[in-house]
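The structure appears right after this line, and notes come after that.
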Amino acid sequence: MDPIKILKRAWQILWSYRALWVFGLVLALAGASSTSRGSNSNYNYDSDSPRSDRFPEDMDMKEAFQEFTVQAEQFFREGYKEVGLTAEEWTALYWIVGIFIVFGVILSIVFAVARYVSETAVIRMVDEYEDTGTKMTVRQGIRLGWSRTSWRLFLINVLVNLPGFLTVLLFLVIGVTVFMAFMRGSMQVATATTAILAGIFILVMLVVIIVSVFLNLLRNFFWRVSVLEEVGVRESLRRGFQMARANWKNVGVMWLVMIGLGILWAIVSVIAIVVTIPLVIFTGVAGGLIAVIPALITGGIASFFVSGWAPWIVGGVFALPLFSLIAFSPWLLLGSWASVYTSTVWTLVYRELKALPALAVEVPALES
């Protein structure tokens, strides 16, 4: 297998097959939404308030936890008065936050479905193009992707990420164990427990990192067996592992090449982001002008339930996804190219490895 030949061919497909860019954009959006979740918040108490945000030095962990519980309960009971909201407005704000969370969950589900449909479509479209030279439209690609195979890709991805999920659960158990040890007040037992669990934590982390890297490499073959051979999850895992094991040298070389290419792409991406800042400023202004409409509509609806600054914040939060999509569209396009190129490379690798046994049989036949 010639890695350079595969990289060049993937580059040609990327620039000549524009319909793949649409699915790459979905993959870029799905990747961005899965890594940008989370927020930080804080609440500052008045320095003249009789409550204190620090516990006395002679207070043990149990008393400190009880004091924290009391302060938290008092904040949720009386905190709305300090921010200038009535009890009714505070309740309405809770409902708005709940609606936003439900909206976010629905949006995440839509992105997840679109991601696996797009993964399936890109793999099949590239394979069909290599077989027949036919370039499909976006509509045809959606038809190829919208299938039971997309569900299989999701299940395979769950199994690949299962070690990481179990590790999170293990860390949660470790955290609860350490907390309970401190709550019982035995510092010697707590210190010994913490030291033992810290060792387990380091060992588990090393194992999980190695296993996760290995499984993410194999996932490229699991997915393509499932999509191109149209077999179930178990058979995809079996065949994908057998292919990678039988061609471990070629797979290892290609993996190292892709790591190096990823480092190079990271450097190029930083340069491209800096260069396209003027363009992003322009798209940001356009995104702001377009997103102001849903912001005003949402804020207007929220003004029936809350007053002051709250409706404007609610409108801005609900309009933020649309604004981000338009404002950062140049950078999302870069991400779409990277997604399509990476998927195309591994599809070509799969095709090459699958053809190697047949080539090995044909060469002696020609020589004879």
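Every number here is computed from the coordinates shown, using simple stated rules; none is lab data. Keep in mind that this is a model prediction, so the values were computed, not measured. Backbone-built Cβ (ideal geometry, glycine too); neighbour counts: all protein chains shown.
So here's what we get for this one:
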item	result
Gain upon complete extension [Phe214, Arg238; 0.36 nm per residue less C-alpha separation]	7.2 nm
Segment Val292-Ile277, length gained on full extension (0.36 nm per residue, minus Cα span)	3.2 nm
Cα→Cβ-extended label distance, 7 Å offset, between Arg351 and Leu155, nm	2.8
Whole-number D in µm² s⁻¹ for segment 219-269, Kirkwood Cα-pair radius fed into Stokes-Einstein, 4 °C, 1.567 mPa s	107
In order through segment 247-257: 3J(HN,Hα) via Karplus (6.51 cos²θ - 1.76 cosθ + 1.60), integer Hz, x for Gly, Pro	10, 5, 5, 4, 5, x, 5, 5, 4, 5, 4
For segment 132-145, 3J(HN,Hα) per residue [Karplus equation, 6.51 cos²θ - 1.76 cosθ + 1.60, θ = phi - 60°, Hz, x = Gly/Pro]	10, x, 8, 9, 8, 7, 4, 4, 5, x, 4, 4, 5, x
FRET efficiency for Phe171 and Ala112, using Cβ-Cβ distance with R0 set to 30 Å, rounded to 0.05	0.80
Estimated FRET transfer efficiency when R0 is 41 angstrom, pair Leu261-Ser303 (beta carbons, to 0.05)	0.20
Over segment 214-368: Rg over Rh, Cα atoms, Kirkwood Rh	1.23
25 °C / 0.890 mPa s Stokes-Einstein diffusion coefficient of segment 186-296, Kirkwood radius on C-alpha pairs, µm²/s	127
